[in-house]
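K.L.:
Following this message is one structure expressed as structure tokens.
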Amino acid sequence: MSDLPPVDPPHGEETPDMAAAELALGLLEGEERAAAIRRVLAEPGFARSVERWRDHLAQLFDLWPAVEAPDLFDRIERSLDRAPDAPVAVLTPTPRPPSKLWPALAGVSSLVAAVLLVVLIARPVPVPPAPQPRQSAPVVTAPAPTLVASIDPTEAGSAPATAVFDAQAGAIRVTQAKLVAADRSAELWVIPADGTPHSLGVLRERGSTALTLSPENRARIAAGAVLAVTVEPIGGSPTGLPTGPVVAKGALAPV
């Protein structure tokens, strides 16, 4: 009998759970062992009972007496030195007490297996990074050339005007030029290759004029297209087509 203190059953139980003792001793195998380990993970009371059993059994290491190996070599030498007619001594090994080491080692291995199982279950599974979309090489487009036109008056004595088209801004700027009388408006037109004039807007009476073009008129501004200025009523042509004479014109060319 062991003089160790008995293992108290968990609170609320009249008798100890023998499955906890069997798991601590390493006596369970197969499905019974797996079921006991699941209970360790799911039932805190059962896990504490297993731990108490293991603490209780671990104290047996302090109670194991040291056992010396039998002196077989001396007995063998004595048998070799005996007289020829002396009876042969039968070497009977000293019986060894049953070892308690293996059950203890089994209990320790059970504890290690339970800890590893808890670590594997509790450890979060790393999420593989999402594949990055393949980025295509950026398409590099050459900037559109700047177009310039010298709008020369049809009558001598008037100063020419200069028109500059900014493709990125989609606007055309015309320098100051006195091309019509004060009671009229100077309207700027673009005449593409098809020969049909399209209004770009009315020029200011004083100072330079910046006109923001519609997408359709931007497409019509190209090298070789003609810019023309006509005399129109105040505010521009009421018909959408030139109504007065052309007083200045010039072709667009890249700089």
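K.L.:
Which of the residues belonging to region 211-236 are more than 12 Å from residue 189 (Cβ to Cβ) and assigned to a helix (DSSP H, G or I)?
P.N.:
215, 216, 218, 219
K.L.:
Please specify each residue of region 146-199 satisfying the condition of being surrounded by fewer than 18 Cβ atoms within 10 Å (Cβ to Cβ), among the aliphatic types (A, V, I, L, M) and in a strand (DSSP E or B).
P.N.:
Result: 148, 164, 171.
K.L.:
Filter region 158-174 for residues that are without any contact (Cβ under 8 Å) to a residue 60 or more places away in the chain and closer than 17 Å to residue 190 by Cβ and give the result. Lay out the reasoning, then the answer.
P.N.:
Looking only at region 158-174, we keep the residues that are without any contact (Cβ under 8 Å) to a residue 60 or more places away in the chain, and these are 159, 162, 164, 166-174.
162, 164, 166, 167, 169, 170, 171, 172, 173, 174, listed by residue number.
K.L.:
I'd like the full set of residues that are surrounded by fewer than 18 Cβ atoms within 10 Å (Cβ to Cβ) and either over 60 Å from the mean Cα position of the chain (by Cα) or hydroxyl-bearing (Ser, Thr, Tyr) (or both), limited to region 210-230.
P.N.:
Passing the criteria: 212, 214.
K.L.:
Next up: Please determine, by comparing only the residues of region 171-190 that are among the aliphatic types (A, V, I, L, M) and more than 55 Å from the chain's Cα centre (by Cα), which one is farthest from residue 150 (Cα to Cα).
P.N.:
Step one: of region 171-190, the residues among the aliphatic types (A, V, I, L, M) are 171-172, 174, 177, 179-182, 186, 188, 190.
Restricting the remaining residues to those that are more than 55 Å from the chain's Cα centre (by Cα) gives 177, 179-182, 186, 188.
Details: 177: 11, 179: 14, 180: 17, 181: 21, 182: 23, 186: 16, 188: 13 Å.
The extreme case among them is 182.
A short reminder: the numbers here are calculations on the coordinates, not readings from a lab. Source: prediction; values computed, not measured. Cβ sites come from the backbone with ideal geometry, for glycine too, and all protein chains shown count toward neighbours.
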